[in-house]
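A quick write-up on the structure given underneath.
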Amino acid sequence: MKLGLSDEAFIRGKVPMTKQEIRILTLVKAQIEDDDIIYDIGAGTGSLSIEAARLAPAGHVYAIERKKEAVALIEANGAHFGLRNLSIIEAEAPEGLEALPTADVILIGGSGGHLEAILDSAAGKLRRGGRLVLNCITVQTLAAALSYLHAHADLYRYEAIQVQVSRLRRVGPYDMAEAQNPIYIITCTKEA
């Protein structure tokens, strides 16, 4: 299965979407296997959910999203790509996680201000050796995630990167770099 669908391949609305370059890095860091159970918390348009489901055809993806417009977009995108291994849970995480099977991979793209509670819940749902990948847009989310990981150093081994993507845009006879928002990607492996 090809990784890195174009942004234009997705049905989009006004809901934020994880862009192609960030999706690719996130999914590479997640190391998704063919039969993995994956949660996508704060799934937005479902772009990560869709790509993860395509990478794990014998597994299953649970997209957790609280906004109705986003849930409708995930449903539309799931149907558009003909996915049968994608379930959508309309809930504000960490609600909705308790009934799910143990996860191999947990992706966190949005936390709605409940990051610590989501991480506490995720710790109980992620198998030992499983991967947790957080995409942080703000430095406050980054700081909260790092603080949590420092306090739970016995539970997770982690690495963090900051990614800045720029796209060239034609301006008259010139090409000019147009910067996208920087993203911090934290990749954790559950040790205990």
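The values are calculated or read from the model by the stated rules, or taken from the named source; none is laboratory data. Worth saying up front: this structure is predicted, and the values here are computed from it rather than measured. Here the Cβ positions follow ideal geometry from the backbone for every residue, glycine too, while neighbour counts run over all protein chains shown. Ligands, DNA and RNA are excluded from the accessible area calculation, which covers all protein heavy atoms including side chains. Shrake-Rupley method; radii C 1.70, N 1.55, O 1.52, S 1.80 Å.
Remarks
- Residue 138 meets the conditions (1) surrounded by fewer than 17 Cβ atoms within 10 Å (Cβ to Cβ); (2) closer than 19 Å to residue 49 by Cβ; (3) among the polar types (S, T, N, Q) in every case but one. The failed one is (2).
- Single residue of 53, 63 found to be part of a helix (DSSP H, G or I), open to solvent by less than 50 Å² (accessible area, probe 1.4 Å) and either free of Cβ contacts under 8 Å to residues at least 60 places away in the same chain or in contact with a Pro (Cβ under 6 Å, 6 or more places away or on another chain) (or both): 53
- Segments classed as strands (runs of 3 or more DSSP E), wholly inside the stretch 91-187, with at least 3 members that are touching a residue at least 12 places away in the same chain (Cβ under 8 Å): 103-108, 126-136, 156-163
- Selection of the stretch 84-111 for residues being hydroxyl-bearing (Ser, Thr, Tyr) and crowded, with 17+ Cβ neighbours inside 10 Å yields only 111.
- Residue identified as in contact with a strand residue (DSSP E or B) (Cβ under 6 Å, 6 or more places away or on another chain), assigned to a loop (DSSP other than H, G, I, E, B) and at pLDDT 95 or above among 43, 58: 43
Quick grid of which residues meet (1) out of contact with any helix residue (DSSP H, G or I) (no Cβ under 7 Å at 6 or more places or on another chain); (2) closer than 18 Å to residue 1 by Cβ; (3) of a type outside the set (Asp, Glu):
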residue: 50; (1), (2), (3): no, yes, yes
residue: 53; (1), (2), (3): yes, yes, yes
residue: 60; (1), (2), (3): yes, yes, yes
residue: 73; (1), (2), (3): yes, no, yes
residue: 77; (1), (2), (3): no, yes, yes
residue: 88; (1), (2), (3): no, no, yes
residue: 93; (1), (2), (3): no, no, yes
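- Subset of the stretch 10-50 that is touching a residue at least 60 places away in the same chain (Cβ under 8 Å) and small (Gly, Ala, Ser) - its residue that is surrounded by the most Cβ atoms within 10 Å (Cβ to Cβ): 43
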